[in-house]
Amino acid sequence: MWFRRIVESRYRNEAEIIADILRVVKPGARKTRIMYGANLSFMLAKKYITKLSSMDLIRLDSDQKTYQLTEKGKTYLDNYQSYQKIERDLKSALQHRAVELDKILHGETDQT
């Protein structure tokens, strides 16, 4: 059905990677935990940790040697999760509409 073709990338975009890292860091995490929890190579984890630290989304707790979410990081994660819900709802609505359009094209309309 040609209306149903909603193309999904099999790769994560940067916003998804950042959100994954922030989810792992939320309870506090070391570099290795971030790497495995966010499914990143060592080099990518290192790059993103540096980037997120400089953006004030995470900070290093030097006493515990763990990364923690900042308030800005919590705000980003909350907003990203809201965005994901809206995106899922929209995809569902589009999928439903695609089915209806396909029924019309193929003469399967419910005419009661």
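The values are calculated or read from the model by the stated rules, or taken from the named source; none is laboratory data. All values reported here derive from a predicted model rather than from experimental measurement. Don't worry about glycine lacking a Cβ; one is built from the backbone with ideal geometry, like all the others, and counts go over all protein chains shown.
Within segment 91-104, does at least one residue satisfy the condition of being in a helix (DSSP H, G or I), among the polar types (S, T, N, Q) and modelled with pLDDT of 95 or more?
As a first pass, look at segment 91-104 and keep what is in a helix (DSSP H, G or I): 91-104.
Narrowing the set further to residues that are among the polar types (S, T, N, Q) leaves 92, 95.
Okay, now just the ones that are also modelled with pLDDT of 95 or more, so none.
No, segment 91-104 contains no residue that is in a helix (DSSP H, G or I), among the polar types (S, T, N, Q) and modelled with pLDDT of 95 or more.
For D78, indicate whether it is more than 19 Å from Y11 (Cβ to Cβ), of a type in the set (D, E) and touching a strand residue (DSSP E or B) at 6+ places or on another chain (Cβ under 7 Å). Talk me through it step by step, then tell me what you get.
Numbers: more than 19 Å from Y11 (Cβ to Cβ): yes; of a type in the set (D, E): yes; touching a strand residue (DSSP E or B) at 6+ places or on another chain (Cβ under 7 Å): no.
The answer is no for D78.
Suppose we keep only residues that are among the aromatic types (F, W, Y) and either assigned to a loop (DSSP other than H, G, I, E, B) or crowded, with 16+ Cβ neighbours inside 10 Å (or both) within segment 22-75. Which one would you say is nearest to the chain's Cα centre (by Cα)?
Initial filter on segment 22-75 (among the aromatic types (F, W, Y)): 36, 42, 48, 67.
Still in the list and also either assigned to a loop (DSSP other than H, G, I, E, B) or crowded, with 16+ Cβ neighbours inside 10 Å (or both): 48, 67.
On the way: Y48: 15, Y67: 20 Å.
Step by step, filter segment 22-75, then rank; the result is Y48.
Which pairs have Cβ atoms under 7 Å, sit 6 or more apart or on different chains, and link a residue in segment 29-45 that is within 16 Å of A19 (Cβ to Cβ) to one that is surrounded by 12 or more Cβ atoms within 10 Å (Cβ to Cβ) and not hydrophobic (A, V, I, L, M, F, W, C)?
A29/G37; A29/T66; A29/Y67; I34/Y67; A38/D20; L40/Y48; A45/K31
Which residue pairs have Cβ atoms closer than 8 Å, lie 6 or more positions apart in sequence or on different chains, and pair a first residue in segment 3-23 that is under 20 Å from S53 (Cβ atoms) with a second residue that is modelled with pLDDT of 95 or more and of a type in the set (V, I, T)?
Qualifying pairs under 8 Å: I21/I34; I21/I49; I21/I58; L22/I58.
What is the one condition in (1) closer than 21 Å to E14 by Cβ; (2) surrounded by 14 or more Cβ atoms within 10 Å (Cβ to Cβ); (3) among the β-branched types (V, I, T) that I86 does not satisfy?
If we test I86 against (1) closer than 21 Å to E14 by Cβ; (2) surrounded by 14 or more Cβ atoms within 10 Å (Cβ to Cβ); (3) among the β-branched types (V, I, T), just (2) comes out false.
For the structure I just gave you, tell me whether N79 is under 20 Å from the mean Cα position of the chain (by Cα), loosely packed, with under 14 Cβ neighbours inside 10 Å and outside any helix (DSSP H, G or I). Don't jump to the end; show me each part of the working.
Values: under 20 Å from the mean Cα position of the chain (by Cα): yes; loosely packed, with under 14 Cβ neighbours inside 10 Å: yes; outside any helix (DSSP H, G or I): no.
Criteria not met by N79.
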